[in-house]
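Structure, as structure tokens:
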Amino acid sequence: MPESDQYAQHRDRARGAIERMKRAADEERGARAERDAEVRAMLETPGATLGSVAHDLGVSKSLIAVIQREGRRPFTTVEEARRFLEEHGQQE
């Protein structure tokens, strides 16, 4: 196989991998947003505490506290919310 064909194959595979990574990142952001909304709803349930929610989900209490704190954060524009998600959406 000529070198240019090999290059083209690798390029196409790399482009495909990049697209899969983008889709996975979008899916992860969506799952995090859904998780955060459900955690906030759990915390609003009478008798729920940071510790009980963390225990029931198998995560740290500090993660639950961060989710709770960020849920109270007011945004005045969509751009502020997007910027915040870009900066903090990957934390866990």
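The values are calculated or read from the model by the stated rules, or taken from the named source; none is laboratory data. Note that the coordinates shown come from a computational prediction; the quantities given were computed from them, not determined experimentally. Glycine gets a Cβ as well: all are built from the backbone with ideal geometry, and neighbour counts include every protein chain shown. Surface areas here come from the heavy atoms of the whole protein model, side chains and all, with no ligands, DNA or RNA. Shrake-Rupley method; radii C 1.70, N 1.55, O 1.52, S 1.80 Å.
Rounded to the nearest 0.05, what FRET efficiency is calculated for Arg40 and Arg20 with R0 set to 22 Å and r the Cβ-Cβ distance?
Here the calculated transfer efficiency is 0.10.
Taking loop as defined by DSSP and a crowding limit of 10 other beta carbons within 10 Å, which GluC sites (Glu not before Pro) in region 1-72 fit?
Glu44
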* Structure fact -> So the carbon and sulfur contribution to the accessible area of the chain, 1.4 Å probe, in percent, is 53 percent
* Please work out the average accessible area per residue across region 11-64, using the 1.4 Å probe convention, and give it in Å². => 73 Å²
* Using θ = phi - 60° and the Karplus curve 6.51 cos²θ - 1.76 cosθ + 1.60, what whole-Hz ³J(HN,Hα) does each residue of region 6-23 get, with Gly and Pro shown as x? -> 4, 4, 4, 5, 5, 4, 5, 5, 5, 4, x, 5, 4, 5, 5, 5, 4, 5
* Sparse-neighbour loop sites [chymotrypsin sites (Phe, Trp or Tyr not before Pro); region 1-90; at most 13 other C-beta within 10 Å; DSSP] -> Phe75
* **Extension gain (nm, one decimal) between Ala31 and Asp5, 0.36 nm per residue minus Cα-Cα** => 5.5 nm
* **Leading residue at positive end of dipole, the chain (Cβ point charges), from Met1, Ala14, His55** => His55
